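The values are calculated or read from the model by the stated rules, or taken from the named source; none is laboratory data. Fair warning: this is a prediction, and the values are worked out from it, not measured in the lab. In this analysis, Cβ positions are derived from the backbone assuming ideal geometry, glycine residues included, and neighbour counts consider all displayed protein chains. To get the accessible areas, we keep the full protein, side chains included, count just its heavy atoms, and leave off ligands, DNA and RNA. Shrake-Rupley method; radii C 1.70, N 1.55, O 1.52, S 1.80 Å.
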Amino acid sequence: MKRMHKLGMCLGILMLVLPPALVFSQNTFNYRSDHYSVTTRIDQEFTEDTAVFMEAFFDLYTSYLHFDPELLDYKLKVRIFGSKAEYDKFLQDVIGETRSSFVFLHYPDPKKSELIAYHLDDQEAFNKKLIHHGFSQYIKSFVQNPPLWLHKGFSVYFEDSTYDAEKQKAVFHPNHTWVPSLRQKLRQDSSLSNPEVFIPVSSLLFLDQETAAQKLEAFYSQVWGMVHFFIHSEKKSYNRLIWDAISALEPEATLQQNEKRVVNMAFEWVNKDTLVTDFVYYMQEELKTFPDLIQMGIDAYAKEEYEKAETAFTQAQSLRSDHYVPDYYLGLIAYNRGEFSMAEYYYLASVEKDGNSDLLYYALGVNALADKRLDDSSFYLEKAVENRGPYSEKATDLIDEVKERAEQPAM
């Protein structure tokens with residue numbers, strides 16, 4: 001018994017002194033790609049898929065920031081636990097605390113740095129977190145101390161992008177999550193100078209993590225807004241500003257040195273008042289979000305301005321290709337033009353995008369009736385009745401009309 005007790009004590013002590021990587025190594029899976037070494041507690045297929053996912057976003061980040069991948073002489077480490085509980089335990093052992101989201105553990109020796117994550121059943125939420133924190137890993141692998149506004153601004157700029165598994169490519173989508181919050185603040189203070197509403201721009205360019213955490217909503221809306229504005233503004237001088245800021249970064253410089261370099265090389269020549277005026281106008285007037293475009297399209301459609309409506313809904317479709325509303329209205333526009341085949345195409349596309357409703361089947365029935373396809377009209381209208389909604393009663397009445405027409409002798 002004494003011997004067994006001593007053996008148990010030795011094993012306990014061994015677990016305490018073992019490096020976290022060795023403790024994690026039990027029942028783990030690893031895959032090394034061109035730029036990543038991914039280790040997980042899930043399975044081998046998930047591990048390999050994650051590495052391919054990370055490579056796709058590595059390419060997307062590089063297409064914007066233009067860092068030279070050849071400068072990396074090591075693999076970027078990604079470690080994914082099977083549960084939040086395992087993740088918490090690991091972080092407690094390593095840094096003495098846990099986090100509510102994924103974390104990039106950044107060490108002076110970048111080869112030891114790691115992106116630490118945990119598995120989520122919600123694939124979309126998992127991807128978004130991996131994109132956000134994956135960018136932190138990416139930029140800090142090339143520049144040890146980037147300015148916080150640039151680092152976090154790009155992290156949220158990319159996080160609504162998606163992954164095309166078939167093509168193994170990252171697909172950029174603009175992240176408009178912060179637009180409502182930013183616009184609401186701009187209505188309170190269009191000068192961006194009220195510290196109760198905004199972090200003053202002069203402070204934002206030299207902000208530390210602790211100060212940002214005290215005004216997190218203002219911080220994220222502002223840094224996302226800055227990056228998005230500089231990239232998408234029609235004024236080339238602002239496009240150049242963001243690339244000048246990135247070019248100013250030195251890989252081994254301190255945070256303070258890089259902040260000063262960015263201000264001196266990118267912002268020094270900018271008229272601050274003009275910058276604020278242009279930024280506010282862009283966010284309030286020029287930037288069109290998905291809801292903005294839908295409302296513009298509906299307003300134009302109501303006025304029978306079909307070309308204007310079509311442009312708005314087509315642009316909305318480019319922002320949210322998965323949403324059924326743009327296709328529905330494009331179908332209505334085609335119907336009003338007498339283009340019945342095109343109208344049916346859009347209505348069916350809308351049905352496929354989770355728009356399976358009595359309204360859409362009623363629209364399909366009306367369209368087929370106008371095109372004198374009575375059997376198709378009956379089929380669609382019966383589907384509308386089956387879906388039991390506000391248009392079911394109208395569909396029932398129209399079915400009777402279709403039957404009457406079908407019974408009439410051909411002329």
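For the range 376-392, name all the residues that are among the acidic types (Asp, Glu) and either at pLDDT below 90 or under 20 Å from PHE340 (Cα atoms) (or both).
Across the range 376-392, the qualifying residues are ASP376, GLU382.
I'd like the full set of residues that are assigned to a loop (DSSP other than H, G, I, E, B), open to solvent by 20 Å² or more (accessible area, probe 1.4 Å) and in contact (Cβ under 8 Å) with a residue 12 or more places away in the chain, limited to the range 167-224.
GLN168, PHE172, HIS173, PRO174, HIS176, THR177, TRP178, SER190, SER191, PHE206, ASP208, LYS215
Could you look through the range 320-359, keep only residues that are aromatic (Phe, Trp, Tyr) and crowded, with 16+ Cβ neighbours inside 10 Å, and pick out the one that is farthest from the chain's Cα centre (by Cα)?
PHE340
So if I check each of ALA309, ALA349, ALA334, ALA300, which one is small (Gly, Ala, Ser) and touching a Lys or Arg at 6+ places or on another chain (Cβ under 7 Å)?
Exactly one of ALA309, ALA349, ALA334, ALA300 is small (Gly, Ala, Ser) and touching a Lys or Arg at 6+ places or on another chain (Cβ under 7 Å), namely ALA300.
Look through LYS236, LYS260, LYS272 and report the one residue that is within 19 Å of ILE139 (Cα to Cα), among the basic types (Lys, Arg) and open to solvent by 10 Å² or more (accessible area, probe 1.4 Å).
Among LYS236, LYS260, LYS272, only LYS260 is within 19 Å of ILE139 (Cα to Cα), among the basic types (Lys, Arg) and open to solvent by 10 Å² or more (accessible area, probe 1.4 Å).
Could you please tell me which pairs satisfy a Cβ distance under 8 Å, a separation of 6+ or placement on different chains, a first residue in the range 315-328 that is assigned to a helix (DSSP H, G or I), and a second residue that is open to solvent by less than 50 Å² (accessible area, probe 1.4 Å) and acidic (Asp, Glu)?
Hits for this filter: GLN317/ASP327.
Among the residues of the range 302-316, how many are of a type outside the set (Asp, Glu) and surrounded by fewer than 20 Cβ atoms within 10 Å (Cβ to Cβ)?
So the count comes out to 7.
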